[in-house]
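To keep things clear, I will list the structure first and then write my remarks on it.
The values are calculated or read from the model by the stated rules, or taken from the named source; none is laboratory data. Just so you know, these numbers come straight off a predicted model, no measurement behind them. Glycine also receives a Cβ, built like all others from the backbone with ideal geometry; neighbour counts cover every protein chain displayed. Side chains are part of the model used for accessible areas, which takes the heavy atoms of the whole protein and leaves out ligands, DNA and RNA. Shrake-Rupley method; radii C 1.70, N 1.55, O 1.52, S 1.80 Å.
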Amino acid sequence: LAVKANGRFRVGLLDCAATLPSGKNIFERFKLKVPPASSQIAFWVANGGAPRVLDAYSMRASSEYEVARLANKIASLTELKAEHLMSTKQLTKKCVEYKRGCLVLVNKGPKLPASKQKELELIMKENRRIRYFILDISKRQISLTLPPAMMGYPQVLLFKKSPRGEGVDRYYEHVYSVFDDEFEAKEVAKFIQQGLDKETDDQFWTSLEPLPRISKIVASKPSRDQKVKKRTKPKGPTRVGSNSKKTSRNKKSAQQNEAVKKQQEAAKDPSESDEEMYKRRRRKMDEDMLENAPKAHDDDEWGDDLELEGEEEGEEEGETIDLDDEVEILPEDD
């Protein structure tokens, strides 16, 4: 296991039944469950936290693959990570009230650039006992008056909690300090160590009264005109085919109206007035009506057919008598 750790953590053997200077053993000091006499216990401890017991199944790793898998698991558990600040409760409980100190990186964005992330990892290895957080100021803001940040560098806030007074009068003083210089591992580590060594009444620190708060950055609400425009926006896909047909019809009717108007303007004599033009058009309309009106003595085709039928019937029955012809009258016989 020590070989597979590859410098990520260290492995050691400890007699947990031995008595410590306080008169307690390891089990009593850290309130660990005492295993049976025939078994062993394994735990990991890192970053100033309390010991955490590993499950018994992990200690049964025998093959090289299982040991490497266990080493990766322990490395992930002991690795220092910078959490994202999301609420006031998280800031107060996990950062401001933490007894060993806390470092907050104020950055525009949820992630640091690759070069700054490497610097942060070096800083965390140098100072493993304090906690680290990242505040994305594009989504949230902190209620502290901060100086303008350097271009391309995150701002560093160091928080510390220190007890004051004794007995009933005992209370805690909360302070913070701002590192506003180039974000380099050596300089930031020096700033952290300097702050942890100084008392809270030193000029290095600024008192936190009241405790800071985290709030979301709410986007501005749209104006009334923007709301109206949003409501009038049609829902669903637009009907391109029907709209194109309507526009083509409108174009044709407009073209026809334009042609009629041009014809009227061409037919109009510029010398005559509107009244004269109206009278001329009225006369033309009357003449057209008289010319196209049906005549009173015109025979329709039905009359012609009846007359022809009568003539054909007369010829079949007998000869007709013409009154104008001369008739010879013969004397009657006695």
Item to check | Single residue of the range 264-291 satisfying the filter (assigned to a helix (DSSP H, G or I) and either modelled with pLDDT under 70 or in contact with a Lys or Arg (Cβ under 8 Å, 6 or more places away or on another chain) (or both)) that is most open to solvent (accessible area, probe 1.4 Å) | outcome: Glu265
Item to check | Whichever residue in the range 146-173 is of a type in the set (A, V, I, L, M) and over 33 Å from the mean Cα position of the chain (by Cα) and, among such residues, is least open to solvent (accessible area, probe 1.4 Å) | outcome: Leu158
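Okay, residues lined up against (1) under 28 Å from Ser207 (Cα atoms); (2) touching an Asp or Glu at 6+ places or on another chain (Cβ under 9 Å):
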site: Lys81; (1), (2): yes, no
site: Thr92; (1), (2): yes, no
site: Gly101; (1), (2): yes, no
site: Asn107; (1), (2): yes, yes
site: Glu121; (1), (2): no, no
Item to check | Tally, over the range 94-107, of residues that are at pLDDT 90 or above and open to solvent by 80 Å² or more (accessible area, probe 1.4 Å) | outcome: 1
Item to check | Matching residues in the range 174-214 - criterion: being among the charged types (D, E, K, R) and either within 20 Å of Arg140 (Cα to Cα) or under 41 Å from the mean Cα position of the chain (by Cα) (or both) | outcome: Asp180, Asp181, Glu182, Glu184, Lys186, Glu187, Glu209, Arg213
Checklist entry - Can you spot a residue in the range 75-83 that is open to solvent by less than 50 Å² (accessible area, probe 1.4 Å), closer than 18 Å to Arg8 by Cβ and under 33 Å from the mean Cα position of the chain (by Cα)? => result yes
Item to check | Counted residues, the range 127-145 - those being surrounded by fewer than 14 Cβ atoms within 10 Å (Cβ to Cβ) and either free of Cβ contacts under 8 Å to residues at least 24 places away in the same chain or not basic (Lys, Arg) (or both) | outcome: 3
Item to check | Test result for Val228, under 43 Å from the mean Cα position of the chain (by Cα), more than 26 Å from Tyr132 (Cβ to Cβ) and modelled with pLDDT of 80 or more | outcome: no
Checklist entry - How many residues, within the range 177-214, are surrounded by 14 or more Cβ atoms within 10 Å (Cβ to Cβ), without any contact (Cβ under 8 Å) to a residue 60 or more places away in the chain and part of a strand (DSSP E or B)? => result 3
Checklist entry - So, of the residues in the range 252-263 that are open to solvent by less than 80 Å² (accessible area, probe 1.4 Å) and at pLDDT 75 or above, which turns out to be nearest to Lys284 (Cα to Cα)? => result Ala259
